[in-house]
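Notes follow once the structure below has been shown.
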Amino acid sequence: MKKVLAAVVALWIAHNAYTWTRVQQLPCEQRVCRSPRDLEHWARSFRHPRISAQLAHFYFFRQYIPRTRITIPPWMSNWQWYFKAVSRMEVVVAPDKMLVRADAVEGLKSGAIKRTWLRRNGGQGTRRIVQELYVRFADGATEYVLAEGGTDRRAPLFLMPADAYEEVKP
Amino acid sequence: VSQALLFVALHLVGVAFALAFGPRQRPALCCALGFGAGLAIGVVVALILEIAQVFGAGAWIAALAPIAGVFAVIAARRGVPARTALVVAAWTGGFALAAILLSAHNVVIASYDSHRLVLISRVIVDDGGMTELSLPRLHAWGVFQVVAQTLSVATKQDFLYGLPVVSGVAFAPVFALTLWAALGALAPRPRAAAVALATLALFSIPMVGYHVVYLHTNFASAIYLFTFVALWWLAETEGEPSYLPVAFVAMTAFALQRTENPLVAIVFLALTIAQSELPRRAITPWLAGFVIVVGGWYEVLAENVAADGDFLSPARCRTIWGLLVATLGWWLVSTHILVRRLNRWLPHALVGATVLGLAAAFASKPGHMGSTVIALLQNVHDEVPYWGFTWHALALLAALALVFPAPPRRAPFVIGVPVFLGLAVLMAYSGPGYRVGTGDSGNRMIINAVPLAVWYLALKAAGSRRPRSPGPASGTS
């Protein structure tokens, strides 16, 4: 009986190996995408605003405004692809109406945003208070507001749909 | 490399703890348990600093270093034979090499949840601790992975992308060595082939591979729950309480991984500790420590989460820590003959309560619960191919293994696993229900059961000399 059990386990392991090959053949949306080409496809395939918002969310949430260091971190091999997805948006900062256009963002790598922010903050980039940060998709279809930022230097920013923000806006 | 240095440091903290308080008679197992235990200890220390809002790289190292030093002194005073020192040195060298390789490239999978975990950890790091901004946002996930990611403050990285991978790979020797020890406890000559086959079967499951590179809470939950149960089984079977300190560290880490885990922890405590034949003094302080850490965290959370939270509310947080305190209280009065008699019925009571709960849930929301179960079945039945035939194979192996006598102390496996799966279904009652998809909450949650099931089936089949003869089973609990 032990041999029967061992044979079943061996078959199971073999089937697991076969399953690995099946997983690789799934559409990109249904599996884990690792290669840059897949990631680009993945980013493009998710045109759903929520997913796109998360891509932006990941970038903006982790940044405090103002803060001394705003960089595009090099630690994710897929980061460039995330950024590429984000770069299809316009970013409007109120009240100064500073605009980071998609074409201004696209192609710029780590350090670009940092320089932009430092420049518009008088070279310091540490004392500025931002009330609202609008994120508008290039196609104009969806608008998001980064809220909760501003008066508290340590306050993080959160991304939410513009209509939802209107409801909670003080 | 900075991540790898952190991982090696945590490994050494865990090894020192295991050699000081754990199964020092098994130095290789102490080394295997090192990373998980060290990570858990490092996270609890960081959690305390973050609640006190004094968190930073320096503060964390300053707090952890003396604790590790105490572990090392205690281990040294108990004597570290040359062979043990050699094993520790060799294992640490191998672990360091593995940590460097596994941290060299970012292969981690990051979903929405992963992003949130990392993002909140960055907020905590930037704030120097948990504030009114970050605490309310911890109502939906357990705190463990968030705090673990804040340890990136001691590295040059923005987040620890090597953590899920190193944790997952470091789990393989824990699984194999505990199985080896368990088979050795049942038979004079444990079967290396059986250990290798079971370990290969577990880690060849594509869903397990997926979780090894997925930054989330589920596989870490599975690792720590397994560690607790396996170490408890060894402690009871060998009559050796030294396994328990690491077991309770693992249980603490498990309970902090996800919001539902404290309830699952209580189930498994009822199936293990309540049935224990070990000296009570070997259990009470560690159980109390577990309740204080986990219960204390839930009180902190109760004071900060929104009253109408989707997942945790103050009332739910206080219910959780109330149940934990009640569990400790139950244990303290378990010396009474009446309570001891009741404890024997606890496994049956758990089964009954789960069945009744499921029946009530299906009766009140038949459509919702039905679609949830169907989605769950579709997920495990090849609809989402990451599972392959895992669940079919486990069911077949369980049926075939019926011909072998049951190993002793099987309650956490034969009752704990089904009860957990029942609870997983019940947890969908108040939410939107489970859906078909790899990342579905229920589909992720059930991975907790897989290492336990594979380990138990291997133990049952390979631990017996021959198929059982007609008559009463040899299982005792």
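The values are calculated or read from the model by the stated rules, or taken from the named source; none is laboratory data. Predicted model only: the values in this text are computed from it and were never measured. Glycine gets a Cβ as well: all are built from the backbone with ideal geometry, and neighbour counts include every protein chain shown. When the accessible area is computed, the model is the full protein with side chains, heavy atoms only, and any ligands, DNA or RNA have been set aside. Shrake-Rupley method; radii C 1.70, N 1.55, O 1.52, S 1.80 Å.
Residue order by solvent-accessible surface for B:H392, B:H211 is B:H392, B:H211, largest first, with ligands and nucleic acids left out and a 1.4 Å probe. Take B:K365: with every protein chain present and a 1.4 Å probe, its accessible area is about 70 Å². With all protein chains in place and ligands, DNA and RNA left out, the 1.4 Å accessible area ranks A:H15, B:H348 as B:H348, A:H15, largest first. Scanning chain B for long hydrophobic helices, with DSSP H runs required to stretch 24 angstrom or more by C-alpha along their axis and to average at least 0.0 on the Kyte-Doolittle scale, returns B:2-21, B:27-51, B:57-77, B:82-103, B:163-186, B:218-238, B:284-302, B:314-332, B:337-364. The interface between chain B and chain A buries about 4100 Å² of solvent-accessible area in total (1.4 Å probe, ligands and nucleic acids excluded). Under the convention that each Lys and Arg Cβ holds +1 and each Asp and Glu Cβ holds -1, the size of the dipole of chain B around its Cα centre is about 1660 debye. Average accessible surface for chain B: 36 Å² per residue, computed with a 1.4 Å probe over protein heavy atoms with every protein chain in place. Rolling a 1.4 Å probe over the protein heavy atoms leaves B:L186 with an accessible area of roughly 60 Å².
Contact order for the stretch B:272-431, expressed relative to its length and based on alpha carbon pairs under 8 Å spaced 6+ residues apart, stands at 21 percent.
Of the solvent-accessible surface of the stretch B:235-362, computed with a 1.4 Å probe and all protein chains present, 67% belongs to carbon and sulfur.
Using a probe of 1.4 Å on the protein chains alone, the accessible area found for B:L29 is around 10 Å².
Carbon-plus-sulfur accessible fraction, the stretch B:26-108 (probe radius 1.4 Å, protein heavy atoms only): 75%.
When the residues B:D308, B:D127 are ordered by accessible surface, computed with a 1.4 Å probe over the protein chains alone, the sequence from largest down reads B:D308, B:D127. Which FRET efficiency value, to the nearest 0.05, is calculated for B:A96 and B:R316 with the Förster distance at 35 angstrom and r the Cβ-Cβ distance? Calculated transfer efficiency: 0.25. On the basis of the beta-carbon distance and an R0 of 51 Å, B:I67 and B:A359 show a calculated FRET efficiency of 0.60. Among rounded, prolate and oblate, which fits chain B when a ≥ b ≥ c are the square roots of the eigenvalues of its C-alpha gyration tensor, a/c under 1.5 means rounded, and a/b larger than b/c means prolate? It is rounded, given that a/c, with a ≥ b ≥ c, falls under 1.5. Near B:E236: Cβ cut-off under 13 Å, other residues only, Lys/Arg at +1 and Asp/Glu at -1. The net charge is -1. Just to be sure I understand the interface: list residues from the stretch B:379-412 that lose 40 Å² or more of accessible area between the chain on its own and the complete protein assembly, 1.4 Å probe. Flagged in the stretch B:379-412: B:P385, B:Y386, B:F389, B:L397, B:L400, B:F404. Under the simplified labelling scheme, the A:T21-B:A52 pair shows an inter-label distance of 5.7 nm, with each label point 7 Å from Cα along Cα→Cβ.
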